[in-house]
1. Work out which GluC sites (Glu not before Pro) in the chain are exposed loop sites (DSSP not H, G, I, E or B, at most 15 other Cβ within 10 Å) and give the longest gap free of them.
2. Take every DSSP beta bridge with both residues inside segment 220-334 and express the antiparallel ones as a percent of the total, to the nearest 5.
3. Give, as ranges by residue number, the residues of segment 400-440 whose backbone N falls under 19 Å from the point 7 Å along Cα→Cβ of S466.
4. Mind sorting D211, D394 by how few other Cβ atoms lie within 10 Å of their own Cβ, fewest first?
5. What does the charge count near N442 come to, summing +1 for each Lys or Arg and -1 for each Asp or Glu among other residues with Cβ under 14 Å from its Cβ?
6. For K2 and T203, compute 0.36 nm times the residue count separating them, minus their Cα-Cα distance, and round to one decimal in nm.
7. Going through the cross-link list K265/K478; K377/K447; K2/K183; K183/K265; K88/K179, which pairs have a Cα-Cα distance over 28 Å in this structure?
8. Compute the separation of the alpha-carbon centres of segment 74-93 and segment 373-413 and state it in Å as a whole number.
Amino acid sequence: MKALPANIVIVGGGTAGWMSACYLARAVELARQQHPSKQQPVNITLLESADISTVGVGEGSTPYLRHFFDYLGVDENTWMQTCSATYKMGISFENWNNADVDNSYFHPFFSALDIPTADQYFDAVNQRRRGINTDVNPSHYFTAAQMVEDGILPNTLSTATHIDYAYHFDAGQLGDFLKQYAKAKGVKHHIGTIASVHADAQTIHAVQLEDGQQLQAELFVDCSGFRGLLGKQAQKRVFKSYSDTLFNDAAVAIASPVLPSPEAKLQTRSIGLEHGWQWEIPLTSRTGNGYVYSTQFCSSSDAEAELRQVLGEQVNDSEARHLRMQVGRLEEHWQGNCVCIGLSQGFIEPLEATALMLVQYALHHFVDCWQADHPHKYQQYNVEMNRMFDGIRDYIAAHYYLNTRTDTAYWQACRHDIKVPDTLAYLLKEWDSGANFETALNQVDSKLVYLRPSWYCIFAGMQRFSSPLSSMASPNEKALYAMKASLSGALSK
Ligand SMILES: Cc1cc2nc3c(=O)[nH]c(=O)nc-3n(C[C@H](O)[C@H](O)[C@H](O)COP(=O)(O)OP(=O)(O)OC[C@H]3O[C@@H](n4cnc5c(N)ncnc54)[C@H](O)[C@@H]3O)c2cc1C
């Protein structure tokens, strides 16, 4: 196992920077425990500017975040309490279709409890594709949806029950929590603003601070956010934009008072608005709201006005925070002595809350590649990171392409004008033609990040069926019964 470099500088103190600091410090600690004789001391410094703020959003996760805290050895209750966190069982999509069809569905996280009913769901959906009026509402088949309906917290299930769940949290508090953890593990915190970067295409030699100091390192981790100071700017790495597929490039966030029993909400709401979608994230201290939209179709003041109208008087005194987003990714995430992590390496809009999952995956994969020290480690790393980004982009793009809204030019453009990525185009073709969808999914398996249940849920949830039916099918009582039985079994243990 190759030891991590003796001097590491992380540029940026946003969530990506502090997650990197925690992860690397922990990796050093674990390596030292496993191979005490082979490990040298490692100095990790995190540099952040007091004048350039962090992006300050990013409050929903995927289930993968649980592994991050497990890796750090941090108990869930400890960090959740400090970060006003709540559990999340999935995302409710509302108003992504015209009101004349069933225009809401739930995208659940899946678990072992779902195994008996998931197959019934796939069968029902495939029957519905053939024109048979079956119940294709994912909420009637997947445990996570029932937990949301009944307000059942995942930590009340038997510990032996494998259930996937994620979190909502306050981004600022999470940053502070991670900072404390990293500092306790010996990470040095340096406040300063980079004025210039001494670099060539392969190597970052040093970062020059405005106060005249210079920082050198064997490894630089670029967590400088959308600026991408080291990789994108100094080394001119190629950025592949997704803007022809994903039109949203801005957001406005406004907090509102805490919801009643926020801990029992258990879901992010994603609600279609005129030129994008609104998020609602329940925290124990407040509610996070935002509107993700496209500036091609809507000005920032119109977006703020629309969001304020939806949220009503409760936000009259709340400030709005406006953000611009660059969607896309670097072609090379790791090159020479610099790895880019977080917004500096790329971003896919926050619809499925995947950004911190990518940060975590990037760190995990980087440490693995570094320690294994394979001769093609850079290539391996970059190919895998690109696969992850593109695979997530494909699934996010499906939400827009499948919408049936006719009320604004924005929604019509999302259907007609987006460049449909190849994998999504293939799945759409197979789905629409009535071909065996299992075979289609297997065919592109290596490119998928979202797996079978998610693809069935989105196609069925968005009502992508060629033969319209005059009435809704009644709920599948057999599946509902089986799902509730497995849930109550898990509760009673
Ligand atoms: C609207 C929106 C909603 C989002 N929602 C989610 C979500 O629900 N779930 C999710 O997982 N992710 C979400 N994200 C993404 C998430 O917010 C980011 O991935 C996360 O916050 C990490 O950001 P970062 O640390 O890469 O960058 P930033 O937070 O921008 O941090 C950049 C850091 O670099 C430093 N810096 C910059 N320039 C210099 C300089 N010259 N010298 C020194 N330091 C410098 C800054 O001081 C700062 O500390 C969302 C993003 C947006 C835009």
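Nothing in this text is a laboratory measurement; each read-out follows from the coordinates by a stated rule. Since we're looking at a predicted model, the values are computed, not measured. Methodologically, a virtual Cβ is constructed for each residue, glycine included, from the backbone with ideal geometry; neighbour enumeration extends over all protein chains shown.
1. Maximal segment without exposed cleavage sites: 1-209.
2. Antiparallel bridges: around 100 percent, rounded to the nearest 5.
3. Inside the label zone: 402-404, 424-440.
4. Placing the least packed residue first, the sequence is D211, D394.
5. Every neighbour counted, the sum reads -1.
6. 70.4 nm
7. Exceeds cut-off: K183/K265.
8. Segment 74-93 and segment 373-413 have Cα centres spaced 26 Å from each other.
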